[in-house]
Each structure stands twice: as structure tokens, then as C-alpha cells.
Amino acid sequence: MIEAVLFDLDGTLLDIDMSTFMPRYLQALASSMAHLADPARLIDAMLGATQHMIDRIDRQETNEAAFWRAFAALLPGPVTAIRAGAAAYYATCYDQLQPLTRPHDGADVVVQRVLALGRPAVVATNPLFPMAALRRRVRWAGLTPEIFAFITAYEDMHAAKPHGDYYLEIAGRLGVAPERCLMVGDDAAMDSPAATVGMRFFHITERTADGTGGGSLRDLDHLLQAGWLQQ
């Protein structure tokens, strides 16, 4: 029986083309702090620090701490001011990117279905962003952040996708065995490793022969109505 459901955000609950979104986001963020650092150098440092977050696993260090430690090594200088500038950007300018996104069809329906069935829902997005940015993207998906048990943000996670440790940390926070969790996501490379730690995986867009391994969010909702979580 499934006791908790994890939802990827980008490409699953939120319709977003990251190949378009990320360059626009990085340029806007770097431009907002051009008075602190050269935008091109700042973007390079951000990308390098983000890759460091993805590559390492350290249960003693949050992704946030790992990011800024790596960032400071890549771009020595006014790191405190840059952190403050990034926080100001998310608070005042980040929503300007919302038109590049839209809610995925069926996102609200399937999340509400999970909650109505008495299961906690988690936004299991790759925790490479601060909570302020992720809460906004959840709202762009037409959802209220407060309905979720938690959102995996870089402030409080210690691993990232595709590491199995990321999924184990979520199960631990929920107090639910991995085998009793369902991961829903569109990116097989990033989301299917949930299965390596025992979770069930539902692949958005791809349908399997028995209809229970993949499909649309609407397909998943039909399965939930039919009692799939009880199996």
C-alpha cells in the first residue's frame, strides 16, 4: 500500500521548457546584480556551484551550504552581498518569468485526489533552488504550497537527484518506508532512481502495457480513483 506520494515539479506539475527558462532566469538574476559582479562570471560560478551540489552527497552539509561554499571558491568577493541580492531578486523580480510556464493539465486534480485519499503529498523537485523560488513555481503550477507536507528546497536537503540518497531523505522526513512511497515524474533519468531505493515510480507521458507504470496526470488520477494506492 502507498502511504505518501512525491511529485516532481518542473515538467510534471508545471509545464515548463527548461531549455528556454534557465537561460532567461540566469541572465535576469545576473543582470540584477551587475553592480556586484560581472554577469558572465557570476553565471559561470552559479552553474559550477550547482554542479557541485548535484555531484556530492553529505548528510552533514545542506545543499545550500555546499552551493555557497563552492560559489565562494569560484567567485571570491562580495558573496554576502550576492546572497542578499539573490534573495531580493526572488522577492521582487522572479515572477516576471511566470509567463514562460503554465500549470500542467490535471496537476491540481491529481494532487487534490491524493490529499482526499488521506495521503501526504510532497513536492519532490530537485533541491537546487531556494524555497522562495520553489514556492513561487508551485504557485505558477496553480497550487498552494501549504497543502504539501513539504517542498524539497536547497536549504534543508543534503542530496540531489538522481542520487538515491535524495529519495531516502524524503522518506525519512515523512517517516514512511521507501517501499510505501510513490514517485511521480516526467524525467526518467532524474525521477526513476526512486525505484532503486524501493519506491514505486509513475512516469508521466510514457504508458506501459498494464497502464500502471506511466501516462498522463489524468491517467494517474483514474488509477487513484480505482484504488491503485491500496495495492
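The values are calculated or read from the model by the stated rules, or taken from the named source; none is laboratory data. Keep in mind the model is a prediction, meaning the values are calculated, not measured. So basically every Cβ, Gly included, is an ideal-geometry build from the backbone, and we count neighbours across all protein chains shown.
Does region 144-151 contain at least one residue that is touching a Leu at 6+ places or on another chain (Cβ under 6 Å), modelled with pLDDT of 95 or more, part of a loop (DSSP other than H, G, I, E, B) and farther than 20 Å from Ile2 by Cβ? Taking every residue of region 144-151 in turn, none turns out to be touching a Leu at 6+ places or on another chain (Cβ under 6 Å), modelled with pLDDT of 95 or more, part of a loop (DSSP other than H, G, I, E, B) and farther than 20 Å from Ile2 by Cβ.
Within region 178-198, work out how many residues are over 15 Å from the mean Cα position of the chain (by Cα) and in contact (Cβ under 8 Å) with a residue 40 or more places away in the chain. Total meeting the criteria: 3. Within region 1-30, the set of residues being among the hydroxyl-bearing types (Ser, Thr, Tyr), loosely packed, with under 13 Cβ neighbours inside 10 Å and either under 15 Å from Ala133 (Cβ atoms) or free of Cβ contacts under 8 Å to residues at least 60 places away in the same chain (or both) comprises just one member, Ser19. Out of region 55-66, which residues are of a type in the set (A, V, I, L, M, F, W, C) and either at positive phi or buried (at least 20 other Cβ atoms within 10 Å of the Cβ) (or both)? Across region 55-66, the qualifying residue is only Ala66. Just one of (1) more than 28 Å from Met1 (Cβ to Cβ); (2) of a type outside the set (Phe, Trp, Tyr); (3) surrounded by 18 or more Cβ atoms within 10 Å (Cβ to Cβ); (4) more than 13 Å from the chain's Cα centre (by Cα) fails for Leu128. It is (4). Does Ala91 fit the bill of being in a helix (DSSP H, G or I), out of contact with any helix residue (DSSP H, G or I) (no Cβ under 9 Å at 6 or more places or on another chain), in contact (Cβ under 8 Å) with a residue 24 or more places away in the chain and surrounded by fewer than 14 Cβ atoms within 10 Å (Cβ to Cβ)? It is false that Ala91 is in a helix (DSSP H, G or I), out of contact with any helix residue (DSSP H, G or I) (no Cβ under 9 Å at 6 or more places or on another chain), in contact (Cβ under 8 Å) with a residue 24 or more places away in the chain and surrounded by fewer than 14 Cβ atoms within 10 Å (Cβ to Cβ).
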